[in-house]
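Working notes, beginning with the structure itself.
The values are calculated or read from the model by the stated rules, or taken from the named source; none is laboratory data. The structure presented is a predicted model; accordingly, all values stated were derived computationally and were not measured. Virtual Cβ from ideal backbone geometry, glycine too; neighbours counted across all protein chains shown. Note: areas computed on protein heavy atoms with side chains; ligands, DNA, RNA excluded. Shrake-Rupley method; radii C 1.70, N 1.55, O 1.52, S 1.80 Å.
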Amino acid sequence: MTMRAQPGGRASSAPLLGNGTEPTIFEMSVAGRSAYQLRTTHIPAKTLEELVPSAHLNPDVVPLAEVSERDLVAHFTRLSHRQFAVDLGAYPLGSCTMKYNPKFCDSVAADPGLNSVHPGAPAALTQGWLRLMVDLEEKLCEVTGMAAATLQPSAGAAGELTGLLLMRAYHEARGDVRKRVIIPDSAHGTNPASVTLGGYEVTTIPSDERGLVDLDALKKVLGPDVAGIMLTNPNTVGLFEEEITEIAAAVHEVGGLLYYDGANLNAILGVVRPGDMGFDIVHMNLHKTFATPHGGGGPGAGPVAVAARLAEYLPGPKATKLADGTYDWVQPENSIGRVHGWHGNAMVLARALAYIDVHGGDGLTRVAQHAVLNANWLRHRLRHVLPAAYDRPCMHECVLTASAFKQQHSVKALDLAKRLMEKGFHAPTVYFPLIVDEALMFEPTETESLQTLEAMAQALEEIAVEAAETPDLVRNAPTATPVSRVDEARAARQLIPTEDAAQR
Amino acid sequence: MADYLPHTSEEVVDMLDFLGLSTLDDLFAHVPAALRLSQGLDMAPGLSEPDVADIFAEYTSANEATLANLVCFAGAGAYDHEVPAVVKMLGSRSEFVTAYTPYQPEVAQGILQAIFEYQTMISRLSGLPIANASLYDGATALVEAVNMAAGSTGRSKLVISAGVHPHWRETVRTFAQGTGHELVIAPLVNGITDWSAVDASDAAAIVATYPNYLGFLEDLSVPKSLATQNDALFIACGDPVAAGVLKTAGQWGADIYVGEGQPFGTALSFGGPYLGLFACTEAQIRRLPGRLVGETVDTEGRRAFVTTLRAREQDIRREKATSNVCTNQTLMAVTAAIQLSYLGTHGLREVATRCAQGARYAYDQIVALDGVSAVSDQPFFREFAVITSQPADLVLERLVADGFLGGLSANSLAGTKDGSLADPTHTLLISVTEKRTKAEIDSYAAALAKAVK
């Protein structure tokens, strides 16, 4: 095919100014140096001893760093130069949907009209926030095909556990004691962990040779003690569960509920909806699908949407539009209660709504189409280098296998991933899902250009040649990054979780 | 048509052609046709950024309770502290903002080292040796703490002070529906916890808080001995601004410290994202929820940082994991490390002292008013509760006219059924931070004098 521009878009793997070490902020500290400035208040300056009984006071001074503002800025700016990020380059980390985070959405959240509002202020004074939440809930319900939603959960895992508690409340309201939740062997680790915290036992079912749920195996474990099933669709190998209607019917027939793990929702926006597939409970990862930045590991937001028959159990209080057109907090009739200290990660919610409004219904559909296009293009482009674990069309991500490299050159998936970082791209997800040997899971996302995808493919082709000709180069990669491979075993064996432990 | 997609229409055709397909719809041919949306989503078409900014201006203008409009005396877990420009700017660096979880340490030393520094700061402020890389917020951090205690003791009874923030207690109650934990609430008498009223035998945890949500300081040696006598873990929740100035959780003998880290550089943000602080003893480390960063070396012997003790976590232990936490609040933790380094040893102490000075000055003005009386004569730190002759919600409404978010009504947090207060509908919680001036407090007291009539 014609490439309409040079392949390109590689980040430098080395930090901006070489690969020297950075001292910790405590190592930079000089007693008596300071950066802080405080407002002049004219309040009588009583001492702590005058204000608080001595029995409550710490006799010692707790040491923090003592640095100038200039050193503070230099330190954290240098740390930022030792960090890969979406804003630097492609981040094809499978299952994580590391798409470009529009700056506009951040600017919306930075508005003091949203971010300087106290969460306990009366509803009459926060009508804008309540309306924003109601509008977002409505749009998330349309995207998922559900009836109502809670915005409280802070992340996907929090959404999962919330969903399982909703499942429990639904069954218990019917006097129905159920014990098990079914999970495919390809599921994210948060699923089984959440099931345990939800008070259920996990029943794992195998995937079939297509990488999909084995319907017969599922039917064998279904019974009246099954509370429900948790599925990701497309699943964690990036494939659409084509028999989802049959799966839903089988689970519903025994009185179970279907939980949709929204980790891969980006693949189906505006194309097909969980509600239409038969799901009863859906969580979304706004920090994946709706492009809110991941913040180096958080914050996220994990709203949970449900079918109408589960709405009465949703966490509360919920922002609600009243008959007179005003907004107030309303507790659902049989609410499971709060799952967050306040109303959820509100600033993340605002960013997601801005993203949805910019795209609209048509734009969200294009997002899914282009995400799936990019993943399939990359899968096909790499077919002679890294074959797909399942040779069929994928959705928004593709799972490739490096098992031939391991057999022929003793070069593992991890080695390939590490070498890719040296060539200016973030690594794909490795060794997940667990059911694929030497798995490399690429999720290019819809925001990477063809030129970037081609450059990434060329980098992987170069690595394939290196694996055959100079395998140690790949096995020892990366060396041009701020640090080379780290001794993870030593970190666990000689645990140093703080500066104070380091000095003991 | 506004979006962030790079492909030209010619490129889309080329790419489809490369795949042997003719339309974008063909990519979804394996999705059963009966399930597919034939008309797309029932949602307005996309708008340009300036158009969406106009929509958002309607939201922001409908929020009367902004700091620009109202001087804030509300607290109860969310505080109006100064966030200096340098902290905002460093915390907004896109390398921190747009990174993922540091799974590949070679290209994530920035986040990893910042978290290591954060863990050190929280460990010192809590007086406990282990602090994790953050949890969602204070309420959900407490849920993880009680789960840790239940796992450690093999028991399910939780004895919790009614002085713990009502929302936190409610959140613990919600998650107890799955874990089967039994909650026993120790009531408040004269503003502080009456531990003598509860049976703590077979308890997994004793949960106390300092200061409590009414602002009062409690003697934590009482719940500590209760925990010791009953072989339970002692969980101390605490205001992190007061943490280094007041006795630390570790000095009180706590096994676990839990706090809400919003005061360390995060705006009020309508309640989130905030920052769940979590620290514990070494004895509990194998049950630690969430991520932990440790120091190690790279193959060249250079200092390096990496997430460690990973075998606790959900992606490896699955249904046997100690917690399901994956995504946390890393950006808020990094911001907290920046804010605490900006303040330094003396700055944090100064902020805490000024909060206490302001609260005492406000208290002295306010309890002298007709129609206002103290809930208790117990010592307090940076916030306090008063009884108002008029309902607190009405008082707050009147204060808005004078330009004040005058606090929070206890009723709005705990509801009337909470039982820990004699009269929640007439109880007003007032908080003072280092931002409040004498002039603001004087005007507030004058407005309150009118509002309670």
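Which pairs turn up if I take residues in the stretch A:489-500 that are among the charged types (D, E, K, R) and look for partners that are assigned to a helix (DSSP H, G or I) with beta carbon separation below 8 Å, at least 6 apart in sequence or on another chain?
Between residues of the stretch A:489-500 that are among the charged types (D, E, K, R) and residues that are assigned to a helix (DSSP H, G or I), the close pairs are A:Glu499/B:Phe116; A:Glu499/B:Glu117; A:Glu499/B:Thr120; A:Asp500/B:Thr120; A:Asp500/B:Ser123; A:Asp500/B:Arg124.
Is it the case that A:Ser12 is touching an Asp or Glu at 6+ places or on another chain (Cβ under 8 Å) and modelled with pLDDT under 95? It would help to see each step written out before you state the result.
On the way: touching an Asp or Glu at 6+ places or on another chain (Cβ under 8 Å): no; modelled with pLDDT under 95: yes.
Against the criterion (touching an Asp or Glu at 6+ places or on another chain (Cβ under 8 Å) and modelled with pLDDT under 95), A:Ser12 does not qualify.
If we keep just the residues of the stretch B:96-115 that are more than 7 Å from chain A (Cβ to nearest Cβ) and buried (at least 24 other Cβ atoms within 10 Å of the Cβ), which is nearest to the chain's Cα centre (by Cα)?
Only one residue fits best here, namely B:Ile115.
Going through the stretch B:377-414 one residue at a time, which ones are at pLDDT below 95 and touching a Phe, Trp or Tyr at 6+ places or on another chain (Cβ under 7 Å)?
Selection gives nothing.
Considering only residues that are assigned to a loop (DSSP other than H, G, I, E, B) and of a type in the set (Ser, Thr, Tyr), which ones fall in the stretch B:255-271? Can you show your working first?
First, the residues of the stretch B:255-271 that are assigned to a loop (DSSP other than H, G, I, E, B): B:255, B:261-268.
Within the stretch B:255-271, B:Thr266 is the sole residue that qualifies.
Residue under question is B:His81, and the condition is that it be assigned to a loop (DSSP other than H, G, I, E, B), facing chain A (nearest Cβ under 7 Å) and not β-branched (Val, Ile, Thr); does it hold?
no
Take the stretch B:396-412 and flag every residue that is outside any loop (DSSP other than H, G, I, E, B) and either assigned by TED's automatic domain parsing to the domain that holds B:Leu188 or surrounded by 20 or more Cβ atoms within 10 Å (Cβ to Cβ) (or both).
B:Leu396, B:Leu399, B:Val400, B:Phe404, B:Leu405, B:Leu408, B:Ser409, B:Ala410, B:Ser412
Please tell me if B:Trp252 is part of a loop (DSSP other than H, G, I, E, B) and open to solvent by 10 Å² or more (accessible area, probe 1.4 Å).
Details: part of a loop (DSSP other than H, G, I, E, B): yes; open to solvent by 10 Å² or more (accessible area, probe 1.4 Å): yes.
Considered against the rule, which asks whether it is part of a loop (DSSP other than H, G, I, E, B) and open to solvent by 10 Å² or more (accessible area, probe 1.4 Å), B:Trp252 comes out as yes.
I'd like to verify a number: residues in the stretch A:464-500 that are outside any loop (DSSP other than H, G, I, E, B) and more than 7 Å from chain B (Cβ to nearest Cβ), how many?
Start the filter on the stretch A:464-500 by keeping residues that are outside any loop (DSSP other than H, G, I, E, B), which leaves A:464-469, A:471-475, A:486, A:488-493, A:499-500.
With the extra rule that they be more than 7 Å from chain B (Cβ to nearest Cβ), the set shrinks to A:464-469, A:471-475, A:489, A:493.
Total meeting the criteria: 13.
Among the residues of the stretch A:222-234, is any open to solvent by 20 Å² or more (accessible area, probe 1.4 Å) and either among the polar types (S, T, N, Q) or within 10 Å of chain B (Cβ to nearest Cβ) (or both)?
No; the residues of the stretch A:222-234 include none that is open to solvent by 20 Å² or more (accessible area, probe 1.4 Å) and either among the polar types (S, T, N, Q) or within 10 Å of chain B (Cβ to nearest Cβ) (or both).
If you go through the stretch A:448-458 one residue at a time, do you hit one that is assigned to a loop (DSSP other than H, G, I, E, B) and more than 8 Å from chain B (Cβ to nearest Cβ)?
No, that holds for no residue.
Take the residues of the stretch A:56-71 that are facing chain B (nearest Cβ under 7 Å) and surrounded by fewer than 22 Cβ atoms within 10 Å (Cβ to Cβ): which is nearest to B:Ser94 (Cα to Cα)?
Narrowing the stretch A:56-71 to residues facing chain B (nearest Cβ under 7 Å): A:56-58, A:61-67, A:69.
Then drop every residue that is not surrounded by fewer than 22 Cβ atoms within 10 Å (Cβ to Cβ), which leaves A:56-58, A:61-63, A:69.
Numbers: A:His56: 41, A:Leu57: 40, A:Asn58: 38, A:Val61: 34, A:Val62: 31, A:Pro63: 29, A:Glu69: 20 Å.
The residue in question is A:Glu69.
Residues A:Trp342, A:Trp329: which one is in contact (Cβ under 8 Å) with a residue 12 or more places away in the chain, more than 8 Å from chain B (Cβ to nearest Cβ) and not in a helix (DSSP H, G or I)? Break it down stepwise before answering.
Working: A:Trp342 fails: more than 8 Å from chain B (Cβ to nearest Cβ).
Testing whether each residue is in contact (Cβ under 8 Å) with a residue 12 or more places away in the chain, more than 8 Å from chain B (Cβ to nearest Cβ) and not in a helix (DSSP H, G or I) leaves just A:Trp329.
Can you name the residue in the stretch B:44-70 that is within 22 Å of the chain's Cα centre (by Cα) and in contact (Cβ under 8 Å) with a residue 40 or more places away in the chain and, of all such residues, is least open to solvent (accessible area, probe 1.4 Å)?
Selected residue: B:Ala65.
A:Phe279 is checked against (1) more than 12 Å from chain B (Cβ to nearest Cβ); (2) within 22 Å of A:Ala173 (Cα to Cα); (3) buried (at least 24 other Cβ atoms within 10 Å of the Cβ) and fails just one. What number does that condition carry?
So the condition that A:Phe279 fails would be (1).
Restricting attention to the stretch A:321-352, which residues are open to solvent by 40 Å² or more (accessible area, probe 1.4 Å) and within 15 Å of A:Cys141 (Cβ to Cβ)?
A:Lys321
Taking B:Ala359 as meeting all but one of (1) on the phi < 0 side of the Ramachandran plot; (2) open to solvent by 20 Å² or more (accessible area, probe 1.4 Å), write down the number of the exception.
(2)
B:Lys417 fails exactly one of the following numbered conditions: (1) among the basic types (Lys, Arg); (2) open to solvent by less than 50 Å² (accessible area, probe 1.4 Å); (3) over 28 Å from B:Val83 (Cβ atoms). What is the number of that condition?
(2)
Of everything in the stretch A:353-392 that's assigned to a loop (DSSP other than H, G, I, E, B) and free of Cβ contacts under 8 Å to residues at least 24 places away in the same chain, which residue is surrounded by the most Cβ atoms within 10 Å (Cβ to Cβ)?
Kept after step one, since they are assigned to a loop (DSSP other than H, G, I, E, B), are these residues of the stretch A:353-392: A:382-387, A:389-392.
Add one more test, that the residue is free of Cβ contacts under 8 Å to residues at least 24 places away in the same chain, and what stays is A:383-384, A:387, A:391.
Working: A:Arg383: 12, A:His384: 9, A:Pro387: 15, A:Asp391: 9.
Ranking the candidates gives A:Pro387 first.
For the stretch B:255-287, enumerate the residues that are surrounded by fewer than 24 Cβ atoms within 10 Å (Cβ to Cβ) and either more than 9 Å from chain A (Cβ to nearest Cβ) or not β-branched (Val, Ile, Thr) (or both).
Of everything in the stretch B:255-287, those that are surrounded by fewer than 24 Cβ atoms within 10 Å (Cβ to Cβ) and either more than 9 Å from chain A (Cβ to nearest Cβ) or not β-branched (Val, Ile, Thr) (or both) turn out to be B:Ala267, B:Thr281, B:Glu282, B:Ala283, B:Gln284, B:Arg286, B:Arg287.
Restricted to the stretch A:393-417, and to residues that are touching a Pro at 6+ places or on another chain (Cβ under 8 Å), in contact (Cβ under 8 Å) with a residue 40 or more places away in the chain and open to solvent by 10 Å² or more (accessible area, probe 1.4 Å), which residue is farthest from A:Ala467 (Cα to Cα)?
The extreme case among them is A:Ser410.
Restricting to the stretch A:428-447, name every residue that is part of a loop (DSSP other than H, G, I, E, B) and within 12 Å of chain B (Cβ to nearest Cβ).
A:Pro428, A:Tyr431, A:Phe432, A:Pro433, A:Leu434, A:Glu443, A:Pro444, A:Thr445, A:Glu446, A:Thr447
For the subset of the stretch B:317-341 comprising residues that are without any contact (Cβ under 8 Å) to a residue 60 or more places away in the chain and more than 7 Å from every other protein chain (Cβ to nearest Cβ), which member is surrounded by the fewest Cβ atoms within 10 Å (Cβ to Cβ)? Don't jump to the end; show me each part of the working.
Residues of the stretch B:317-341 that are without any contact (Cβ under 8 Å) to a residue 60 or more places away in the chain, as a first pass: B:317-321, B:324.
From the residues that got through so far, the ones that are more than 7 Å from every other protein chain (Cβ to nearest Cβ) too are B:317, B:320.
Numbers: B:Arg317: 17, B:Lys320: 12.
The residue in question is B:Lys320.
Could you check, for the stretch A:39-60, whether at least one of its residues is in a loop (DSSP other than H, G, I, E, B), closer than 30 Å to B:Ala359 by Cα and among the basic types (Lys, Arg)?
yes
Could you list, in sequence order, the residues of the stretch B:272-325 that are part of a helix (DSSP H, G or I) and of a type in the set (Val, Ile, Thr)?
We begin by selecting, within the stretch B:272-325, every residue part of a helix (DSSP H, G or I); these are B:282-287, B:310-312, B:314-320.
Scanning the stretch B:272-325 gives B:Ile285, B:Ile316.
In the stretch A:203-246, what residues are under 11 Å from A:Ile182 (Cβ atoms) and part of a strand (DSSP E or B)?
Those that are under 11 Å from A:Ile182 (Cβ atoms) and part of a strand (DSSP E or B): A:Thr203, A:Thr204, A:Ile205, A:Val213, A:Val226, A:Ala227, A:Gly228, A:Ile229, A:Met230, A:Leu231.
If a residue must be assigned to a helix (DSSP H, G or I) and facing chain A (nearest Cβ under 7 Å), how many such residues does the stretch B:19-52 contain?
6
Can you spot a residue in the stretch A:92-100 that is among the charged types (D, E, K, R), over 19 Å from the mean Cα position of the chain (by Cα) and modelled with pLDDT of 95 or more?
We begin by selecting, within the stretch A:92-100, every residue among the charged types (D, E, K, R); these are A:99.
Next, from what is left, pick out any that are over 19 Å from the mean Cα position of the chain (by Cα): none.
No: the stretch A:92-100 contains no residue that is among the charged types (D, E, K, R), over 19 Å from the mean Cα position of the chain (by Cα) and modelled with pLDDT of 95 or more.
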